[in-house]
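These notes concern the structure reproduced below.
The values are calculated or read from the model by the stated rules, or taken from the named source; none is laboratory data. The structure presented is a predicted model; accordingly, all values stated were derived computationally and were not measured. Here the Cβ positions follow ideal geometry from the backbone for every residue, glycine too, while neighbour counts run over all protein chains shown.
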Amino acid sequence: MKLDADAIVVGAGLAGLAATAELTDAGRTVILVDQEPEQSLGGQAFWSFGGLFFVDSPEQRLMGIHDSTELALQDWMGTAAFDREEDKWPRRWAEAYVDFASGEKREWLHGLGMRWVPIVGWAERGGYGAIGHGNSVPRFHVTWGTGPGVVEPFERRVREAADRGLVRFAFRHRVDEITASGGTVDGVRGAILAPSEVERGRPSSRDVAGDFEFHAQAVLVTSGGIGANHDLVRKNWPERMGKPPKYMITGVPAHVDGRMLAIAEHAGASLINRDRMWHYVEGIHNWNPIWPGHGIRILPGPSSMWFDAVGNRLPVPLFPGFDTLGTLEHIMRTGHEHTWFVLNQRIIKREFALSGSEQNPDLTHRDLRTVAARATSRSQAPGPVEAFKQHGVDFVVSRDLAELVRGMNAITETPMLDFAQIEREVLARDREVENPYSKDMQMVAVRGARLYRGDRLLRTAKPHRLLDPGAGPLIAVRLNILTRKTLGGLETDLSARVLGANGEPVPGLYAAGEVAGFGGGGMHGYRSLEGTFLGGCMFSGRAAGRAAAARKRPRVPERAEPRGKAFDGRLRKGSRRRAEGEEATLSTKPVTADRPYLSALHDSGSAAVMRASPAGASARATQTAGSLA
Ligand SMILES: Cc1cc2nc3c(=O)[nH]c(=O)nc-3n(C[C@H](O)[C@H](O)[C@H](O)COP(=O)(O)OP(=O)(O)OC[C@H]3O[C@@H](n4cnc5c(N)ncnc54)[C@H](O)[C@@H]3O)c2cc1C
């Protein structure tokens, strides 16, 4: 069989870019396949906030934070709560990842040109005790340039490799099947989708214009999770959380459809921890949506009062930003799916951040002046937050508590809130502010947060009465369940080789990023410490790229020349083959080829198999979709 490249990478998100960059650094040729058009290169990572989990970083030390690998591992294990037989590889990935985040991660990314905002954020604060869930210290490092700043260095490496003739992009190619011969994965086939000019992030058409088939000795699946596919989210909803929500908003673009999970399973992959997911409870409808059902997550500071749909305050320690999944579990037990933040202008100004690159234009465009205004503005929240306050359907603003509650009741199908109950809670909470000590654990937590310089500066308002007229107006925000991340996935070993049901690698098949549960089939276990997803994509993508690059090549004649257009680039001549066996590739040294590999197997044949036969393609697409149902 003629090979079209050394490797096929399915998915041009962050994990796929990281894998492709490693493969091409080793001189390997890659076809990078994506169902979306070129303008969506980078996938979800482009839209991300760019928050990264580092341990004992210079930024942390500058903020007076003492962190260590031991503390981070304690936090990770308390958060993951691994308790299943299939957690063998996820646990090993978790250990390797904490080690990476404590060691070479920052230096590696710094070397690629990335930089971080010096004030470190404190996500998932826990609240259950030292061995329970949560970050003991702040570890969320926002990338200067947010998501696009994370994609940039990897895209640059891949485009440079494309200029050298090592990468061929196959946009609008949707993989419907992983092919194999003699038990070894040898390629992919699928539908060529009609060209699309849609803006980045908007849903592109699924009109089929032809079909294709590519062959290579390694297939790397980096196709993302299931967050935009509510049917799959509901189908895999964890039993421990009761019935799946009837209503959810969507935190990811439509391409996060989860189809490749079933396609990989069909090719022999083992899919584990499918009931582990990471959805947010502070979702608001985007008044200016990009993708269908587009929701935005509020990254909250700790001061807002949090009520369930009928006006009960959420129990300790379910304060804003403390325990995402614990809060979700609690909400699902209440019998209603939405909850409320009640706060005021002073709190929103200081404590509301919105997740997403487009919601943080100052950081995304590296605009120092506007960033500085976040800290210095006397009354206004950042522009995008004020825009939500003005246009968002989930926001109610009033100077009067009774009117606020009337407004809250007016935007739900049935009025469920009793003013007297809300007033009683708010007045009681305000009485607790008078003393520097308190029995209200949220007040204690707020004061604890302000011991941290970063929170005091930017993220936690000075304790004050909610009903203080000088801190108004009052604001209520209806919070919805927002789908986002897939924590389970394709089971992989430390070389990112996909394992089959028998625990042995499926020859030729690799996986990385969200589709692989960010490594192992779920390195987060049940919960996340946050900022761990982008890093998980880069780490597992790199491992997959290195392992696939180290795969033995089939024997080929020396001094062969490439033919056709597939890789007509400026490959250096006289290359010698690398023929290492596969090995664990979490090592810190980049795999570099002796010289770029000039494959005799590159052939314009790949172009020839791109036949225009819509009927056949759509028949297959229908068949695959059927198998997912
Ligand atoms: C708004 C937002 C904010 C976020 N903020 C953070 C943050 O601050 N920190 C953090 O760590 N994480 C964050 N994340 C999560 C993180 O961005 C994602 O988990 C990560 O980018 C996933 O990358 P991936 O490469 O695995 O998948 P994706 O980015 O989903 O890329 C997968 C690609 O595969 C393609 N594909 C899928 N199926 C097929 C097929 N059958 N054929 C061909 N192509 C296919 C898709 O079109 C897509 O381009 C955020 C995510 C969002 C959406």
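For residues in the range 341-373 being within 24 Å of the chain's Cα centre (by Cα) and among the polar types (S, T, N, Q), which is farthest from the ligand (Cβ to nearest atom)? So, considering only residues that are within 24 Å of the chain's Cα centre (by Cα) and among the polar types (S, T, N, Q), the one farthest from the ligand (Cβ to nearest atom) is THR364. Restricting HIS330, HIS338 to residues that are surrounded by fewer than 22 Cβ atoms within 10 Å (Cβ to Cβ), free of Cβ contacts under 8 Å to residues at least 40 places away in the same chain, away from the ligand (no atom under 16 Å from the Cβ) and within 24 Å of the chain's Cα centre (by Cα) narrows the list to HIS330.
Within this structure, ARG453 fails the test of being assigned by TED's automatic domain parsing to the domain that holds GLY321, within 16 Å of the ligand (Cβ to nearest atom) and within 28 Å of HIS141 (Cβ to Cβ).
Annotation: GLU504 fulfils all but one of (1) farther than 30 Å from ILE298 by Cβ; (2) touching a residue at least 12 places away in the same chain (Cβ under 8 Å); the unmet one is (2). Taking the range 295-317 as the range and being away from the ligand (no atom under 16 Å from the Cβ), under 26 Å from the mean Cα position of the chain (by Cα) and either surrounded by fewer than 22 Cβ atoms within 10 Å (Cβ to Cβ) or not in a loop (DSSP other than H, G, I, E, B) (or both) as the test, the residues that pass are TRP306, PRO317. Considering every residue within the range 231-248, establish whether at least one is more than 26 Å from TRP291 (Cα to Cα), aliphatic (A, V, I, L, M) and either away from the ligand (no atom under 11 Å from the Cβ) or buried (at least 20 other Cβ atoms within 10 Å of the Cβ) (or both). Within the range 231-248 (the criterion being more than 26 Å from TRP291 (Cα to Cα), aliphatic (A, V, I, L, M) and either away from the ligand (no atom under 11 Å from the Cβ) or buried (at least 20 other Cβ atoms within 10 Å of the Cβ) (or both)), the answer is yes, since at least one residue qualifies. Taking the criterion of being more than 22 Å from TRP287 (Cα to Cα) and surrounded by fewer than 16 Cβ atoms within 10 Å (Cβ to Cβ), the residues of the range 371-405 that qualify are ALA372, ALA373, ALA375, THR376, SER377, ARG378, SER379, ARG399, ASP400, ALA402, GLU403.
Only residues that are within 16 Å of the ligand (Cβ to nearest atom) and over 24 Å from VAL426 (Cβ atoms): list them for the range 456-490, please. Passing the criteria: ILE481, LEU482, THR483, ARG484, LYS485, THR486, LEU487, GLY488, GLY489, LEU490.
For LEU509, state whether it is in a strand (DSSP E or B) and at pLDDT 95 or above. Yes; evaluated as a whole, the condition is true for this residue. Criterion first (buried (at least 20 other Cβ atoms within 10 Å of the Cβ) and at pLDDT 95 or above) does PRO58 satisfy it? When the stated conditions are applied, PRO58 does not pass them. Screening the range 349-429 for helices (runs of 4 or more DSSP H) wholly inside it with 1 or more residues that are farther than 17 Å from VAL142 by Cβ returns the ranges 368-376, 383-391, 401-410. Quick check on ASN273: is it without any contact (Cβ under 8 Å) to a residue 40 or more places away in the chain and either within 12 Å of the ligand (Cβ to nearest atom) or within 18 Å of the chain's Cα centre (by Cα) (or both)? It is false that ASN273 is without any contact (Cβ under 8 Å) to a residue 40 or more places away in the chain and either within 12 Å of the ligand (Cβ to nearest atom) or within 18 Å of the chain's Cα centre (by Cα) (or both). Right, GLY165: in contact with a strand residue (DSSP E or B) (Cβ under 7 Å, 6 or more places away or on another chain) and either within 11 Å of the ligand (Cβ to nearest atom) or in contact (Cβ under 8 Å) with a residue 24 or more places away in the chain (or both) or not? No: the conditions fail for GLY165.
The set of residues in the range 430-465 that are part of a helix (DSSP H, G or I) and of a type in the set (Gly, Ala, Ser) comprises ALA445, GLY448, ALA449, GLY454.
In the condition set (1) under 28 Å from LEU509 (Cβ atoms); (2) without any contact (Cβ under 8 Å) to a residue 40 or more places away in the chain, VAL252 is compliant with all but (2).
Applying the criterion of at least 1 residues that are within 30 Å of ARG553 (Cβ to Cβ) to the strands (runs of 3 or more DSSP E) found wholly in the range 1-105 leaves 5-10, 30-34. Let me confirm something: among PHE169, PHE214, which residue is buried (at least 22 other Cβ atoms within 10 Å of the Cβ) and either part of a loop (DSSP other than H, G, I, E, B) or of a type in the set (Phe, Trp, Tyr) (or both)? Within the list PHE169, PHE214, the selection yields PHE214.
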